[in-house]
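Notes follow once the structure below has been shown.
Please treat every number below as a calculation from the coordinates, not as lab data. Note that the coordinates shown come from a computational prediction; the quantities given were computed from them, not determined experimentally. No Cβ is skipped: glycine too gets one built from the backbone with ideal geometry, and neighbour counts run over all protein chains shown.
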Amino acid sequence: MATTAKTKARKATERASRSGPTSAPKAPPQNAIALLEADHREVEGYFEAFEAATGDAEKKALAGKTCLSLKVHTQIEEELFYSAARETTGDADLLDEAIVEHTGAKTLIAQIEAMAPGQPLYDARVRVLAEQVRHHVEEEETELFPEVRDTKLNLDAIGAKLAARKAELMLLFAPASIAP
């Protein structure tokens, strides 16, 4: 029987509650922007590795990691970061554009996930996704993040929320074969 997203989330919560004091120590709080920038670097690394990959299995694994990371990243930004940024910066135009860029990325991600390496346009879709993500990252890091830094937004508190939600979504979205 297939494992549903709801079942994955329930099992992850059960595992977390059982882990108790023997679980790994928690990482120190991370500033929201630092967390998002770390995600950007991770995905950039996946794209670079994809370009260097030669085998279909390696390309599929890298595309899978990329798509998973981007799905989680876009969701935590949209759920938590963008709303806080919109309130504190008032820059609706920049945030609206970011959401539209996310929509484009999600469309390509769905197409890539429905394909296999070697199929027509597979590599091209991954490359176009990389180009779109690089553009999006540049705008966030040169325009949005500096605006947010200039506000009184508690980036550590938002960072803690982002990290917690990211952990939940990684378990929820991860294929059953790699879920802990």
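In this simple spin-label approximation, E113 and D150 carry label points 7 Å from Cα along the Cα→Cβ vector, and these lie 3.7 nm apart. At an R0 of 35 angstrom, the distance between the Cβ atoms of D56 and A92 translates into a FRET efficiency of 0.20.
Ranking Q30, F145, I109 by how far each Cα lies toward the positive end of the dipole of region 29-173 (charges on Cβ) leaves I109 at the top. Full extension of the chain between L121 and V100 gives 5.3 nm of extra length, using 0.36 nm per residue less the Cα-Cα distance.
For the pair E131 and E48, the difference between a 0.36 nm per residue extended length and the Cα-Cα distance amounts to 28.7 nm.
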